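Undergrad: Here's a structure for you.
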Amino acid sequence: MTKLKIVEIPDPRLKKISEPVKEINQDIINLLDDMLETMYSAPGIGLAAVQIGVLLRMIVVDIAAKDETPNPIFLINPEIIEASENLQECEEGCLSVPKQFATITRPAEVTVKYLDKKGNVSQIKADGLLAVVLQHEIDHLNGKVFIDYLSPLKRKILLRKLQKERRLNELEEK
């Protein structure tokens, strides 16, 4: 497995809609494994292919705590087929928007239909953190980043904080 570079805002690829995977072959399986390695090393709990610059509808998720056995889920061509009317708020972050967090409101439960690594059609009904992560990552496949849910003012403040953080990191590296 290979650790890949994570695409960060304002990279225009993050605003593009990803294409469906037409065939699950060894290259796709290897890419999913590389995505998982990249997500774990970041560290993160979800990663969409677009976040490594690949515009294909694939995500990897693992919400297991550090002291728990890893439980990765590989989702190819995922789509939300049902979402509850009940909402939940959760503080979200994103590997493509490093070290920035905001409270986002989303449906509390979702059902997601997808293909697994073997090409089998599967469904997962999720609530809590898993529901949030699945929605967050599927948003990436549709060209949406969590900060798009914020008011223009909150988004502007968050992006300024990110720019300041990047400038400080550049100075430290010199």
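Undergrad: Just checking, which of A102, A83, A65, A108 is without any contact (Cβ under 8 Å) to a residue 24 or more places away in the chain and farther than 18 Å from D33 by Cβ? Steps first, answer last, please.
TA: Numbers: A102 fails: without any contact (Cβ under 8 Å) to a residue 24 or more places away in the chain; A83 fails: without any contact (Cβ under 8 Å) to a residue 24 or more places away in the chain; A108 fails: without any contact (Cβ under 8 Å) to a residue 24 or more places away in the chain.
Just one listed residue meets the conditions, A65.
Undergrad: Can you confirm whether K22 is in contact with an Asp or Glu (Cβ under 7 Å, 6 or more places away or on another chain) and either more than 11 Å from S96 (Cβ to Cβ) or in a loop (DSSP other than H, G, I, E, B) (or both)?
TA: Values: in contact with an Asp or Glu (Cβ under 7 Å, 6 or more places away or on another chain): no; either more than 11 Å from S96 (Cβ to Cβ) or in a loop (DSSP other than H, G, I, E, B) (or both): yes.
Against the criterion (in contact with an Asp or Glu (Cβ under 7 Å, 6 or more places away or on another chain) and either more than 11 Å from S96 (Cβ to Cβ) or in a loop (DSSP other than H, G, I, E, B) (or both)), K22 does not qualify.
Undergrad: From the list T103, T111, exactly one residue is in contact with a strand residue (DSSP E or B) (Cβ under 7 Å, 6 or more places away or on another chain), open to solvent by 40 Å² or more (accessible area, probe 1.4 Å) and over 24 Å from Q26 (Cα atoms). Which is it? If you could, list the steps in order and put the result at the bottom.
TA: Details: T111 fails: open to solvent by 40 Å² or more (accessible area, probe 1.4 Å).
Testing whether each residue is in contact with a strand residue (DSSP E or B) (Cβ under 7 Å, 6 or more places away or on another chain), open to solvent by 40 Å² or more (accessible area, probe 1.4 Å) and over 24 Å from Q26 (Cα atoms) leaves just T103.
Undergrad: Return the total of residues in the stretch 114-130 being closer than 16 Å to I81 by Cβ, open to solvent by 80 Å² or more (accessible area, probe 1.4 Å) and not polar (S, T, N, Q).
TA: Result for the stretch 114-130: 3.
Undergrad: Turning to a different aspect of this structure: Please give the number of the condition K161 fails out of (1) assigned to a helix (DSSP H, G or I); (2) within 21 Å of I45 (Cβ to Cβ).
TA: Here K161 meets the rest and fails (2).
Undergrad: Of the numbered conditions (1) of a type in the set (A, V, I, L, M, F, W, C); (2) assigned to a helix (DSSP H, G or I); (3) surrounded by fewer than 16 Cβ atoms within 10 Å (Cβ to Cβ), M35 fails exactly one; give the number of that condition.
TA: In the conditions (1) of a type in the set (A, V, I, L, M, F, W, C); (2) assigned to a helix (DSSP H, G or I); (3) surrounded by fewer than 16 Cβ atoms within 10 Å (Cβ to Cβ), M35 misses (3) alone.
Undergrad: Additional query: Report, ordered by the first and then the second residue, all pairs with beta carbons closer than 9 Å, sequence separation of six or more or different chains, a first member in the stretch 149-161 that is under 18 Å from H136 (Cα atoms), and a second member that is part of a loop (DSSP other than H, G, I, E, B) and among the aliphatic types (A, V, I, L, M).
TA: What qualifies is L158/L150.
Undergrad: Something else now. Check the stretch 128-139 and report whether any residue there is within 20 Å of I24 (Cα to Cα), touching a Gly at 6+ places or on another chain (Cβ under 7 Å) and not small (G, A, S).
TA: The initial filter retains those residues of the stretch 128-139 that are within 20 Å of I24 (Cα to Cα), namely 137-138.
Now narrow it down to the ones that are touching a Gly at 6+ places or on another chain (Cβ under 7 Å): 137.
This time we only want the ones that are not small (G, A, S), so: 137.
Within the stretch 128-139, one or more residues are within 20 Å of I24 (Cα to Cα), touching a Gly at 6+ places or on another chain (Cβ under 7 Å) and not small (G, A, S).
Undergrad: Name every residue in the stretch 38-63 that is open to solvent by less than 30 Å² (accessible area, probe 1.4 Å) and either β-branched (V, I, T) or more than 24 Å from L129 (Cα to Cα) (or both), in order of residue number. Working first, answer last.
TA: Narrowing the stretch 38-63 to residues open to solvent by less than 30 Å² (accessible area, probe 1.4 Å): 38-39, 44, 46-53, 58-62.
Correct list: T38, V50, I52, G53, I59, V60, V61.
The values are calculated or read from the model by the stated rules, or taken from the named source; none is laboratory data. These figures come from a predicted structure and were not determined experimentally. Positions of Cβ are generated from backbone atoms using ideal geometry, with glycine treated the same way; all protein chains shown enter the neighbour counts. Surface accessibility is based on the protein's heavy atoms, side chains included, excluding ligands, DNA and RNA. Shrake-Rupley method; radii C 1.70, N 1.55, O 1.52, S 1.80 Å.
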